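Engineer: Pasting a structure below so you can have a look.
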Amino acid sequence: MNWEQWKHWYAQIVENLGLEPEEDTRAAELLLELEGHRGGEPELLDKLIRGKDVMIFGPAPFTNMDFGDVVKISAGSTTDQLVDKNIWPEIIVTDLDGDVPAQVEANKKGAIAIIHAHGDNFEAIKEWVPSFSPPVIGTTQAEPFPGIYNFGGFTDGDRAVFMAIHFGARKIILKGFDYDNPMGKPIIDMELKLKKLGYAKQLITWAEKTFDADIVYAED
């Protein structure tokens, strides 16, 4: 997915949620300044994902551990649940909230860290980006620029879906996705969280139809 395909969604989200595009861009510039993109090129993701089945883990609890032969992608605050179960993802998609030390631990075990910058995570970028080890790839939800990418998507979960589509996943399996009952990290503004999850659901449905992606929901 390219910026031209994504920007109409971004404009809608900015208007409906009161975001400030200038702050998103400023956060992305800070991410690049702090080497939020180092030792990682998109070709790494292409090699890992293209033609493969991927499983994207959301924060809802799950007990079924029969994953099959999949590339495991952790969506943000889900990572601590995986680490607790001794499950190590190949990729972490995060905007640096939730249990970030668990994300750093998974990264040190070899997971590619896809670190996302937006207007609300300046301090988290400053605090945590230096703790991650290469390969690290930086992303933005605003217009991308050299060294910072935009594969589409808004929340950690749907960004992971867009990334998997962008790099040619054969099948995308969603596990631990619950759009109506937010879980994981502490929630300060439930109304806003539900709006964001509403967009996640819309975006995943739109991506499935637009890009003819094979997306299924796994048993939990």
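Engineer: Please enumerate the residues belonging to region 37-56 that are of a type in the set (A, V, I, L, M, F, W, C) and either under 17 Å from G68 (Cα atoms) or touching a helix residue (DSSP H, G or I) at 6+ places or on another chain (Cβ under 8 Å) (or both).
Structural biologist: Once the filter is applied, which keeps residues that are of a type in the set (A, V, I, L, M, F, W, C) and either under 17 Å from G68 (Cα atoms) or touching a helix residue (DSSP H, G or I) at 6+ places or on another chain (Cβ under 8 Å) (or both), region 37-56 yields L45, L48, I49, V54, M55, I56.
Engineer: Then there is this: If Q202 passes every condition in (1) of a type outside the set (D, E); (2) farther than 30 Å from L34 by Cα; (3) touching a helix residue (DSSP H, G or I) at 6+ places or on another chain (Cβ under 6 Å); (4) assigned to a helix (DSSP H, G or I) but one, which one does it miss?
Structural biologist: Only one criterion in (1) of a type outside the set (D, E); (2) farther than 30 Å from L34 by Cα; (3) touching a helix residue (DSSP H, G or I) at 6+ places or on another chain (Cβ under 6 Å); (4) assigned to a helix (DSSP H, G or I) is unmet by Q202, namely (3).
Engineer: Next up: Evaluate region 59-70: report whether one residue or more is at pLDDT 95 or above and surrounded by 22 or more Cβ atoms within 10 Å (Cβ to Cβ).
Structural biologist: Within region 59-70 (the criterion being at pLDDT 95 or above and surrounded by 22 or more Cβ atoms within 10 Å (Cβ to Cβ)), the answer is no, since none of the residues qualifies.
Engineer: Here is a follow-up. So is L34 in contact with a Lys or Arg (Cβ under 9 Å, 6 or more places away or on another chain), surrounded by 13 or more Cβ atoms within 10 Å (Cβ to Cβ) and touching a residue at least 12 places away in the same chain (Cβ under 8 Å) or not?
Structural biologist: yes
Engineer: Before we move on, is L82 under 22 Å from N107 (Cβ atoms), without any contact (Cβ under 8 Å) to a residue 60 or more places away in the chain and buried (at least 17 other Cβ atoms within 10 Å of the Cβ)?
Structural biologist: yes
Table: residues versus (1) closer than 19 Å to V104 by Cα; (2) in a helix (DSSP H, G or I); (3) of a type in the set (S, T, N, Q).
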position: Q12; (1), (2), (3): no, yes, yes
position: E15; (1), (2), (3): no, yes, no
position: L31; (1), (2), (3): yes, yes, no
position: G40; (1), (2), (3): yes, no, no
position: K47; (1), (2), (3): no, yes, no
position: T63; (1), (2), (3): no, no, yes
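Engineer: Residue by residue through region 202-216, note down the ones that are over 17 Å from Q12 (Cβ atoms), within 17 Å of the chain's Cα centre (by Cα) and not hydrophobic (A, V, I, L, M, F, W, C).
Structural biologist: Hit for region 202-216 is E208, nothing else.
Engineer: Taking the stated definitions as given, is E41 under 19 Å from H166 (Cα atoms), surrounded by fewer than 20 Cβ atoms within 10 Å (Cβ to Cβ) and at pLDDT below 95?
Structural biologist: yes
Engineer: I would also like to ask the following. Could you list, in sequence order, the residues of region 88-105 that are closer than 22 Å to D53 by Cβ and surrounded by fewer than 24 Cβ atoms within 10 Å (Cβ to Cβ)?
Structural biologist: Correct list: W88, E90.
Engineer: May I pose another question? Within region 107-122, how many residues turn out to be within 12 Å of L34 (Cα to Cα) and surrounded by fewer than 20 Cβ atoms within 10 Å (Cβ to Cβ)?
Structural biologist: Number satisfying all stated conditions: 1.
The values are calculated or read from the model by the stated rules, or taken from the named source; none is laboratory data. Quick caveat: nothing in here was measured; it's all calculated off a predicted structure. Cβ atoms come from the backbone with ideal geometry, glycine included; neighbour counts cover every protein chain shown.
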